[in-house]
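The next block holds one structure in the form of structure tokens; read it before the comments.
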């Protein structure tokens, strides 16, 4: 059985390679035409997609999935319109493929260019939300990659319907339907087969919780990009404007609690603790946030004592850990120890503190006087985002189209041979 | 014992992190001063380095190492002068750290920049040549990284002496000596501990044969960059200038056989086979190259029949596999199946063939009418090279200073909070 599944995944990867080999020759015009076809097909076939989605919702409800998950799983005319518009946005973005990154004519006349090329076959592993299926397919196509999509079993009917619509549209637009394929989703082993299909798959992007990411890191032989774990901090410096600090902490924590750029931990410089700790405690509690605090915070009513585990926890809920630090450097060390390398913010009016914090904190995004919520591909002007990388290799921070590409050195000569040294 | 070794490697990595945290704040001026100190110290302490090297050579000779390996192991005044000059060259290169890759002021006034930052702690695993120790240390330092060097046991005395000299120079220049550390080299397990030190080590670059690379791929949990395996092809197209083809094939094969950019396989279009096969056979044989050929090549005297294994073999010797193909697309398919993604060359006067080959062949470098020998960081204008990546993630082709960096998004605001969606 498992061998069958392995062969299924490998066969899909081989079909993806054939598709990718054709896609690498497709012009931007052809890819954009396909993206518009895909958007149109999603709109015109919305009824069958919603019907499939209703089955997932029904099964999910029967299985007792929490309302939050069911909400993320649910599609509607509006949500389908949203993903269709997303595909049109991607069609409007510049093609990353072929972009010349560097180039020169060498002293010997050899014309050298480093150009962006597609990765080839890209796998995506993701959880409940079926809109990711469409987003990922669109971004992969535009960047010239064939996509192997491994969604969650709770969204199986929705994903199957969506991928069928997308494949039909690709076919209609004259591109290989195998540019987008859905992998079996019932067995965790299909993930294992995907991330060990070395040579068949060029890149896998896991989007999910720490458990998925760790499993991928442990087992993968295919290159992967870690995404999404965000234990983000806001550090309120000795020279912070406390009104600004309050509004940044509140926004970072409460704007949307379920996303990776939400703040999970608050660090307050000792010099402003007396003024700021009572004030931010009240403000957070008014916003229904539970504070897991150190001894200074627990002097305030309603603050829960933080355990060692709290400092490393990504709550994704109305909870925040909070402590007082003696210096900026102590804040930096705390972040180095407990942070996940996603987004870290300092609130300060002191230029030296801001420069030191941005230079020393090692994370995908480091902000001065701004909410952690800004880390987002669309906000950064990328047009769309396939995830937020928390690793240092290849891509760091929001990943758009160019992060789905590799490069190639191309040289044109006229019989150039290299002299012996 | 193995646990001790593990702790030794981890302790070195932790010291490297402390050094890296200081190095990230070092200006280019300080790093360049240190590089010049290192070069001067290598020159002034050449006698003790040569003495240590003599012990390695003696031990190697006693152990029966082949002359080729002994030659790569040997240092001399000239070679030490060479690596010292190399450090000075690196000092003269622009600092990659701090380079602004992208940047804009967002519509809301948030100032956003993506800047290059060091990777942090970088491990290198490499074989006999002790000059790599100095090159790697210099490139790591300039790019702001602390280096963990794991050389071969055959070069132990040389590497120990070199690293001691480099560390003393760092100390004299006011930078942490732990920016450069040598790891234990007697047990293969130290490599395993290095590539599984996740969180302690940011990147490992293995430089060596396919065996080392595969072990790293299978076991690593730390991000790695594959380097160096080069099964490079020269494809002689139907519209090739045969004089040019002969000179490119000879140069690609025979310029230096032991390097990864040497050609290992020759593909000849059927239309020119009758004219070219006898001619190139004679030319290669005159250069003492053994041809492992298909049925068309074996009609020539002295050509050995190729086995299936030959097509995937990186000989690194005066051997080449050779076959006739019916079309450019067959050449592309052959390369896709047997190539290692390093360097592939076409010889043709046909623009369409050149465009199709460069678009379809998936490799770090694809050349038209030029020798595969050109793939080299110094030739590409990078100033220095730490290896040639054959993977698609992060770095592809020659790796210089910028390939040893990551990036970070830095934003400066004035209390910017993000509106709810």
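The values are calculated or read from the model by the stated rules, or taken from the named source; none is laboratory data. Keep in mind that what you see is a predicted model, and the values were worked out from it rather than measured. We place every Cβ from the backbone using ideal geometry, glycine too, and count neighbours over all the protein chains shown.
Okay, here's what the table says:
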read-out	value
Boolean, residue A:66 is under 30 Å from residue A:416 (Cα atoms) and either at pLDDT below 95 or within 10 Å of chain B (Cβ to nearest Cβ) (or both)	no
Region A:67-104: number of residues that are over 17 Å from residue A:404 (Cβ atoms) and in contact with a strand residue (DSSP E or B) (Cβ under 7 Å, 6 or more places away or on another chain)	4
Members of region A:116-135 found to be surrounded by fewer than 24 Cβ atoms within 10 Å (Cβ to Cβ) and within 13 Å of residue A:207 (Cβ to Cβ), listed by number	A:127, A:128, A:129, A:131, A:132, A:135
Residues located in region B:233-271, provided they are under 30 Å from residue A:392 (Cβ atoms) and touching a helix residue (DSSP H, G or I) at 6+ places or on another chain (Cβ under 6 Å)	B:261
Unmet criterion (only one of (1) touching a strand residue (DSSP E or B) at 6+ places or on another chain (Cβ under 8 Å); (2) surrounded by fewer than 21 Cβ atoms within 10 Å (Cβ to Cβ); (3) assigned by TED's automatic domain parsing to the domain that holds residue A:345) for residue A:208	(3)
Condition met for residue A:230 (without any contact (Cβ under 8 Å) to a residue 12 or more places away in the chain, within 30 Å of residue B:225 (Cα to Cα), under 19 Å from the mean Cα position of the chain (by Cα) and not in a strand (DSSP E or B))	no
Test: residue A:322 is more than 14 Å from chain B (Cβ to nearest Cβ), in contact with a strand residue (DSSP E or B) (Cβ under 6 Å, 6 or more places away or on another chain) and either assigned to a loop (DSSP other than H, G, I, E, B) or on the phi < 0 side of the Ramachandran plot (or both)	yes
Number of the condition not met by residue A:246 [criteria: (1) in a loop (DSSP other than H, G, I, E, B); (2) over 30 Å from residue A:56 (Cβ atoms)]	(1)
Members of region B:246-256 that are at pLDDT 95 or above and either at the interface with chain A (Cβ under 9 Å from one of its Cβ atoms) or within 12 Å of residue B:372 (Cβ to Cβ) (or both)	B:247, B:248, B:249, B:250, B:251, B:252, B:253, B:254, B:255
Lone unmet requirement of (1) in a loop (DSSP other than H, G, I, E, B); (2) within 24 Å of residue B:242 (Cα to Cα) for residue B:356	(1)
Residue A:353 being farther than 21 Å from residue B:107 by Cα, more than 10 Å from chain B (Cβ to nearest Cβ) and surrounded by 19 or more Cβ atoms within 10 Å (Cβ to Cβ)	yes
Scan of region B:370-388 for residues that are in contact with a strand residue (DSSP E or B) (Cβ under 7 Å, 6 or more places away or on another chain) and surrounded by fewer than 23 Cβ atoms within 10 Å (Cβ to Cβ), ordered by number	B:376, B:377, B:380, B:381, B:382, B:385
Residues of region A:22-42 satisfying the condition of being more than 26 Å from the chain's Cα centre (by Cα) and free of Cβ contacts under 8 Å to residues at least 60 places away in the same chain	A:25, A:27, A:29
Test for residue B:259: is it outside any loop (DSSP other than H, G, I, E, B), within 23 Å of the chain's Cα centre (by Cα) and within 14 Å of another protein chain (Cβ to nearest Cβ)	no
Residue selected from region B:10-62 under the condition buried (at least 17 other Cβ atoms within 10 Å of the Cβ) and outside any helix (DSSP H, G or I), by the criterion farthest from the other protein chains (Cβ to nearest Cβ)	B:45
Among (1) surrounded by fewer than 23 Cβ atoms within 10 Å (Cβ to Cβ); (2) away from chain A (no Cβ under 11 Å); (3) part of a helix (DSSP H, G or I) - the single one residue B:333 does not satisfy	(2)
Meets criteria (under 18 Å from residue B:320 (Cα atoms) and not assigned by TED's automatic domain parsing to the domain that holds residue B:69) for residue B:238	no
Listing of strands (runs of 3 or more DSSP E) fully contained in region A:359-421 that carry 2 or more residues being within 7 Å of chain B (Cβ to nearest Cβ) and under 21 Å from residue A:123 (Cα atoms)	A:405-416
Residue that is nearest to residue B:263 (Cα to Cα) [pool: residues in region B:200-219 that are modelled with pLDDT of 90 or more and within 10 Å of chain A (Cβ to nearest Cβ)]	B:203
Lone qualifier among B:327, B:321, B:317 - being in contact (Cβ under 8 Å) with a residue 40 or more places away in the chain, assigned by TED's automatic domain parsing to the domain that holds residue B:265 and more than 20 Å from residue B:250 (Cβ to Cβ)	B:327
Residue check, residue B:421 surrounded by fewer than 19 Cβ atoms within 10 Å (Cβ to Cβ), under 15 Å from the mean Cα position of the chain (by Cα) and at pLDDT below 95	no
Helices (runs of 4 or more DSSP H) wholly inside region A:63-161 that include at least 3 residues being under 17 Å from the mean Cα position of the chain (by Cα) and in the same structural domain as residue A:178 (by TED's automatic domain parsing)	A:77-92, A:131-142
Matching option when the condition is in contact with a strand residue (DSSP E or B) (Cβ under 7 Å, 6 or more places away or on another chain) and surrounded by fewer than 18 Cβ atoms within 10 Å (Cβ to Cβ), among A:296, A:301	A:296
Some residue of region A:189-199 being free of Cβ contacts under 8 Å to residues at least 60 places away in the same chain, out of contact with any helix residue (DSSP H, G or I) (no Cβ under 7 Å at 6 or more places or on another chain), closer than 24 Å to residue B:364 by Cα and in a loop (DSSP other than H, G, I, E, B)	yes
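Here is a yes/no grid of residues against (1) closer than 30 Å to residue A:192 by Cα; (2) modelled with pLDDT under 95; (3) in contact with a strand residue (DSSP E or B) (Cβ under 8 Å, 6 or more places away or on another chain):
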residue: A:1; (1), (2), (3): yes, yes, no
residue: A:10; (1), (2), (3): yes, no, no
residue: A:23; (1), (2), (3): yes, no, yes
residue: A:37; (1), (2), (3): no, no, no
